[in-house]
Amino acid sequence: MWTVPSGRQHEITEALRAALEKLRRVDGFIEGDVLANDDDTKVAAFVRFRVGEEWQRATEFEEFREQMRALEAIDSSHPNAYQRIPVIAPPTHRGPRKVSHCR
């Protein structure tokens with residue numbers, strides 16, 4: 001999550017979308033999205049990978065690190081601003097529902 005300097009929300013949003021587009025090609029990627037509030041003061045992004053080790057490998061790519069450094073030059077993020085909570089996923093087949101967690 002980023003607190004956005006005045007007039008820079010679009011810039012941060014586009015940079016995060018570009019980063020997600022690259023992460024989409026990494027093995028283990030499930031989904032990701034960028035969220036922006038209406039008053040142009042905050043931007044948040046999230047990604048889901050099959051397992052934490054796949055996410056860890058994705059963050060080791062130099063291209064990903066470069067994009068994160070470019071974003072940090074605009075403003076620092078607040079990765080611990082949220083806590084993990086359970087999410088009930090809709091069933092994909094008959095049987096018990098699966099619980100997954102968001103970060």
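Things worth noting here:
- For the stretch 48-55, the condition of being surrounded by 13 or more Cβ atoms within 10 Å (Cβ to Cβ) and either touching a residue at least 40 places away in the same chain (Cβ under 8 Å) or under 14 Å from Leu71 (Cα atoms) (or both) holds for at least one residue.
- Members of the stretch 1-41 found to be in a strand (DSSP E or B), of a type outside the set (Phe, Trp, Tyr) and modelled with pLDDT of 90 or more, listed by number: Ile30, Glu31, Gly32, Asp33, Val34, Leu35, Ala36
- Scanning the stretch 18-46 for residues that are within 15 Å of Ser77 (Cα to Cα) and within 15 Å of the chain's Cα centre (by Cα) yields Ala19, Val34, Leu35, Ala36, Lys42, Val43, Ala44, Ala45, Phe46.
- Those residues of the stretch 49-86 which are charged (D, E, K, R) and either out of contact with any Ser or Thr (no Cβ under 9 Å at 6 or more places or on another chain) or modelled with pLDDT of 80 or more (or both), in sequence order: Arg50, Glu53, Glu54, Arg57, Glu60, Glu62, Glu63, Arg65, Glu66, Arg69, Glu72, Arg84
- Selection of the stretch 23-47 for residues being exposed (fewer than 12 other Cβ atoms within 10 Å of the Cβ) and either of a type in the set (S, T, N, Q) or touching a helix residue (DSSP H, G or I) at 6+ places or on another chain (Cβ under 7 Å) (or both) yields Asp27, Asn37.
- Taking every residue in the stretch 60-87 that is more than 20 Å from Ser6 (Cβ to Cβ) and pairing it with any residue that is modelled with pLDDT under 75 and surrounded by 10 or more Cβ atoms within 10 Å (Cβ to Cβ), at least 6 positions away or on another chain, the pairs with Cβ-Cβ distances below 7 Å are Arg84/Cys102; Arg84/Arg103; Ile85/Cys102; Val87/Ser100; Val87/Cys102.
- Tally, over the stretch 39-68, of residues that are of a type in the set (Lys, Arg) and in contact with a strand residue (DSSP E or B) (Cβ under 8 Å, 6 or more places away or on another chain): 3
The values are calculated or read from the model by the stated rules, or taken from the named source; none is laboratory data. Nothing here was measured: the structure is a model prediction, and the numbers come from that model. Heads up, the Cβs are rebuilt from the backbone with ideal geometry, glycines too, and the neighbour counts pull from every protein chain shown.
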